[in-house]
Amino acid sequence: QVKLDELLEKATVEANAEDDLAFEATQARATSAAATSLVSELQGLSTYDQEQVENEARAEIQHKKDVDEAVFLQAYIPTSLHEIHNPAEEMRRLQSGKREAAYAAAVQNMLAPPASG
């Protein structure tokens, strides 16, 4: 049973890492597509207009980063098992994928810390 739990934990961590990588790849593709579109737009504009478009694009990217950071900072991530009212139910939610990756990783580390070395 312990080995099965360890394998399940490892698979869950790997699946979360794969989900994170897939999300980052999707965002990178979207950013790349936006950059390609921006380059196309810039080719027909004057230098002043190009600078304006570039500044607007930078501002939009910064705004998105600010929003993403604000959402992350507002996310509840427990720091101790005392903050989890029902650890068994929480483990079931984690195993079924009903939690965000950062939350899941934090709780899983508390409920089943990785075996040392």
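The values are calculated or read from the model by the stated rules, or taken from the named source; none is laboratory data. The model shown is predicted, which means the values in this text are computed figures rather than measured ones. No Cβ is skipped: glycine too gets one built from the backbone with ideal geometry, and neighbour counts run over all protein chains shown. With ligands, DNA and RNA removed, areas are computed over all heavy atoms of the protein, side chains included. Shrake-Rupley method; radii C 1.70, N 1.55, O 1.52, S 1.80 Å.
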Taking the stretch 55-74 and keeping residues among the β-branched types (Val, Ile, Thr), farther than 16 Å from Ala28 by Cα and at pLDDT 80 or above leaves Val67
**Prompt:** If you go through the stretch 74-96 one residue at a time, do you hit one that is of a type in the set (Gly, Ala, Ser) and within 23 Å of Leu7 (Cα to Cα)?
**Reply:** yes
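Residue-by-condition table, conditions (1) of a type outside the set (Gly, Ala, Ser); (2) free of Cβ contacts under 8 Å to residues at least 12 places away in the same chain; (3) part of a helix (DSSP H, G or I); (4) surrounded by 10 or more Cβ atoms within 10 Å (Cβ to Cβ):
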position	(1), (2), (3), (4)
Glu9	yes, no, yes, yes
Asn16	yes, no, yes, yes
Glu24	yes, yes, yes, yes
Ala28	no, yes, yes, yes
Ala33	no, yes, yes, yes
Ser37	no, yes, yes, yes
Glu51	yes, yes, yes, yes
Arg58	yes, yes, yes, yes
Phe72	yes, no, yes, yes
When Ile84 is run through (1) at pLDDT 75 or above; (2) surrounded by 10 or more Cβ atoms within 10 Å (Cβ to Cβ); (3) of a type outside the set (S, T, N, Q); (4) out of contact with any Pro (no Cβ under 9 Å at 6 or more places or on another chain), the failure sits at (4)
(request) Determine if the stretch 87-97 includes at least one residue that is touching a helix residue (DSSP H, G or I) at 6+ places or on another chain (Cβ under 9 Å), part of a helix (DSSP H, G or I) and touching a residue at least 60 places away in the same chain (Cβ under 8 Å). (result) yes
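Residues checked against (1) at pLDDT 75 or above; (2) open to solvent by less than 50 Å² (accessible area, probe 1.4 Å):
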| site | (1), (2) |
| --- | --- |
| Lys3 | no, no |
| Ser46 | no, no |
| Gln95 | yes, no |
| Met110 | yes, yes |
